[in-house]
Each structure stands twice: as C-alpha cells, then as structure tokens.
1. In segment 47-64, what count of residues is obtained for those that are touching a Gly at 6+ places or on another chain (Cβ under 9 Å) and either surrounded by 15 or more Cβ atoms within 10 Å (Cβ to Cβ) or touching a residue at least 24 places away in the same chain (Cβ under 8 Å) (or both)?
2. Can you tell me which of (1) modelled with pLDDT of 80 or more; (2) surrounded by 13 or more Cβ atoms within 10 Å (Cβ to Cβ) is the one LEU81 doesn't meet?
3. So ALA42 ticks every box in (1) of a type outside the set (Asp, Glu); (2) touching a Lys or Arg at 6+ places or on another chain (Cβ under 8 Å); (3) under 21 Å from GLY9 (Cα atoms) but one. Which box is left unticked?
4. Which condition breaks for THR24 when tested against (1) touching a Pro at 6+ places or on another chain (Cβ under 9 Å); (2) without any contact (Cβ under 8 Å) to a residue 24 or more places away in the chain?
Amino acid sequence: MESKFSGVGLNYSVLSGICVGAGTIAFFVLFQKGGPLSVVPAILAGGAAIMAIAGMLFFREPPSWQRLLGVAFAIVGLFLLRR
C-alpha cells in the first residue's frame with residue numbers, strides 16, 4: 001500500500017504534533033508546580049476517549065461495541081480516579 005501526500009494530511013500531522021507537544025509541556029508544568037503523579041492515568045484515559053470519539057465523528061471510523069465500551073470504561077475510570 002502506497003502513502004499519498006496531501007495538504008489535508010499535512011495539516012492533520014502538524015495539528016497532531018502541536019497537540020502532543022502542548023500536552024507534553026503541560027505535563028512538565030504540572031509536575032514542576034507539585035501536581036500529583038496520580039493524575040497521569042486519568043489524563044491518558046481522557047485523551048484516549050477523546051481520540052476514539054473524534055475518530056468516529058470526524059474520520060468516520062465505524063463505532064463498534066468494543067470501541068464504545070472502551071470509551072465508556074475510560075470515562076468511568078476518570079470518575080473513579082478523581083478522588
């Protein structure tokens with residue numbers, strides 16, 4: 001399978017890089033300010049849920065029961081870890 005270059009793909013790549021970079025900087029700032037290390041799993045679970053939902057909404061990925069269950073578990077996990 002051959003990859004094709006497109007302007008839209010480039011834009012998505014740049015946007016992804018900016019988001020990952022901003023998240024990494026936010027982690028460093030959080031820990032420098034004395035934030036708890038226990039928030040890392042919550043942030044990662046929330047990000048995974050957001051990415052799965054974005055994939056279904058914007059990239060027309062099929063919403064399988066496994067994907068929806070994973071999003072639900074991630075959200076439930078966020079509520080369980082917040083205390």
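1. 4
2. Exception for LEU81: condition (1).
3. So ALA42 meets the others, but not (3).
4. Every condition holds for THR24 apart from (1).
The values are calculated or read from the model by the stated rules, or taken from the named source; none is laboratory data. Every value quoted in this text rests on a predicted model; they were computed, and no experiment measured them. Ideal geometry is used to build each Cβ from the backbone, glycine not excepted, and the neighbour counts take in all protein chains shown.
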